[in-house]
Amino acid sequence: MVITRQLIIPVPATAAIKKACELYRELEKSIPVVDASFYKDLVCPKNWKEHPYDRWFKLKEGYSSFMIKHLLEEFGAKKQDWVLDPFLGSGSTLIGARNAGVKGAGFEVNPFLAKLSAVKMHGSYDAAKLSARVRSLFTAVAEERSIEIGMPALTITKKLFREQLDTLLRIKQEIYTEIDEHVRDFLLLGLGCILERCSYARKDGNGLKYPPSKKPLPLVDTLKKQYQLMIADIEKQKGTTDHLIMNTDSRRVNIKKLPSDKSDLVHDFLDHAKFTMFSPPYANCFDYTEVYKIELWMLDYIKDYAQLKTLRESSVSSHLNKQYENDFPSTLPDLDYVVDLIPWDSTWGKHKMKAMVLHYFDDMKAVFTRLRGILGDNGTLVCIVGNSAYGNVPIATDLFLAEYLKELGFGKVEIRAARLLGTSSQQQKYLSGNPYLRESLVIAST
């Protein structure tokens, strides 16, 4: 069922909204949009705490590994196949692939998230030994030994943890004494997964806020429960699959220069890469180095502000904390048309925001070009993406990405619309219920 043509553009609608939506309806004549509300609780899983491995860490932009397993089964994936996620996040694609008996590869620019995915996919943990090491960790912390490690350079560290800061540093200090690299990663990532809950801050939109009513959870008790949960999932895990995880920028990765110690896996991946399933950052001005700065700084993935700047510049152009210099790259004619409808001077980012939007699509085209080369002539792409709006004008990201895919030689392209999205309070009266503010699965085959 085509859903977007049956909905009415909200009133009052500006001329710009009408013109943009007229274009989108025209595009939908060649790009089918089907009602897929089946996915609405999977693209943004409300019951994520019930999903093994997904429940380790609440990724704000995450989706359910169950959805990946379902899609791989729908498309007939076989055990020799590989699925690639160029925006790996917390590893839901690889977990879903493992559950479907399929091999998985992922690229992730955020080092904390790349390591989290690697810990989830590590197939050689001994649950009993992990439990014993966790007990010895808390025994050592209870002795309140002197703190010899330095405090992270993040200026808000004391504000975040206050009376629990010394305990946090002692825990981290003891974790760093662990000789086994994989056990050390497990312990450190468990700590990272509970940092926000044990702080005075919470993730909100584009960063952190400090609600006066927030009461941090007790660090030691919360971490004990986190380790118990993680070990329980490891104990129940049945089977493993080959996987590759790289902490790298998916826009510029050279697949032929992946780690030499994994050359056999790399060759197997290149020979049998049949699927790519992922959710890129949305064009919503969110800087995820800000959203995840507690984890990045407190676990020493970032040690100074020069490293932070480098990470920001390596991320997709979906936020304003990068240098764009009002450079407007050439894009799709349809996208240029809609971008020119937007009154950028009335947006808070003004023309820098316009540059961000156009660079975002330029980045996505670069990623799609690499994916097209990896998949060859017998592959399937699934991109979960949310549309956005600026200056009261909706930007149908899913339709524009579908156009790119058709340009790059993907054959059948369709959009499965999972759910409508909200927007800012300022834009609500113009865009509430607009059919082009949606979260969708863009699906294409080569």
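Key figures
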quantity	calculated
Residue count for the stretch 182-231, restricted to those that are small (Gly, Ala, Ser) and without any contact (Cβ under 8 Å) to a residue 40 or more places away in the chain	1
Counted residues, the stretch 217-231 - those being surrounded by 18 or more Cβ atoms within 10 Å (Cβ to Cβ) and in a loop (DSSP other than H, G, I, E, B)	0
Residues of the stretch 153-172 satisfying the condition of being among the aliphatic types (A, V, I, L, M), within 27 Å of the chain's Cα centre (by Cα) and part of a helix (DSSP H, G or I)	160, 168
Residue pairs meeting the criteria (Cβ under 9 Å; at least 6 apart or on separate chains; first assigned to a helix (DSSP H, G or I), in the stretch 232-253; second crowded, with 17+ Cβ neighbours inside 10 Å and of a type in the set (A, V, I, L, M))	234/130
Of residues in the stretch 64-100 being in contact with a Leu (Cβ under 6 Å, 6 or more places away or on another chain) and either within 11 Å of residue 279 (Cα to Cα) or aliphatic (A, V, I, L, M) (or both), the one surrounded by the fewest Cβ atoms within 10 Å (Cβ to Cβ)	100
Residue 172 vs. criteria without any contact (Cβ under 8 Å) to a residue 12 or more places away in the chain and within 21 Å of residue 302 (Cα to Cα)	no
Checklist (1) under 30 Å from residue 446 (Cβ atoms); (2) buried (at least 16 other Cβ atoms within 10 Å of the Cβ) applied to residue 291, failing item	(1)
Residue count, the stretch 258-279 (criterion: assigned to a helix (DSSP H, G or I), buried (at least 17 other Cβ atoms within 10 Å of the Cβ) and of a type in the set (A, V, I, L, M))	2
Yes/no for residue 282 being at pLDDT 95 or above, under 30 Å from residue 103 (Cβ atoms) and assigned to a loop (DSSP other than H, G, I, E, B)	no
Residue within the stretch 143-157 that is loosely packed, with under 14 Cβ neighbours inside 10 Å, within 22 Å of residue 228 (Cβ to Cβ) and among the basic types (Lys, Arg) present	no
Where residue 294 falls short, out of the listed (1) in the same structural domain as residue 56 (by TED's automatic domain parsing); (2) in contact with an Asp or Glu (Cβ under 8 Å, 6 or more places away or on another chain); (3) within 30 Å of residue 187 (Cα to Cα)	(1)
Qualifying residue in the stretch 206-216 (condition: surrounded by 15 or more Cβ atoms within 10 Å (Cβ to Cβ), at pLDDT 95 or above and more than 24 Å from the chain's Cα centre (by Cα))	yes
Enumeration of residues in the stretch 271-309 that are β-branched (Val, Ile, Thr) and under 16 Å from residue 154 (Cα atoms)	289, 291, 294, 302
Candidate set: the stretch 285-339, residues that are assigned to a helix (DSSP H, G or I) and hydroxyl-bearing (Ser, Thr, Tyr); chosen: the one nearest to residue 17 (Cα to Cα)	337
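The values are calculated or read from the model by the stated rules, or taken from the named source; none is laboratory data. Computed from a prediction, not measured in an experiment: that's the story for all the values here. All Cβ positions, glycine included, derive from the backbone under ideal geometry; neighbour counts span all protein chains shown.
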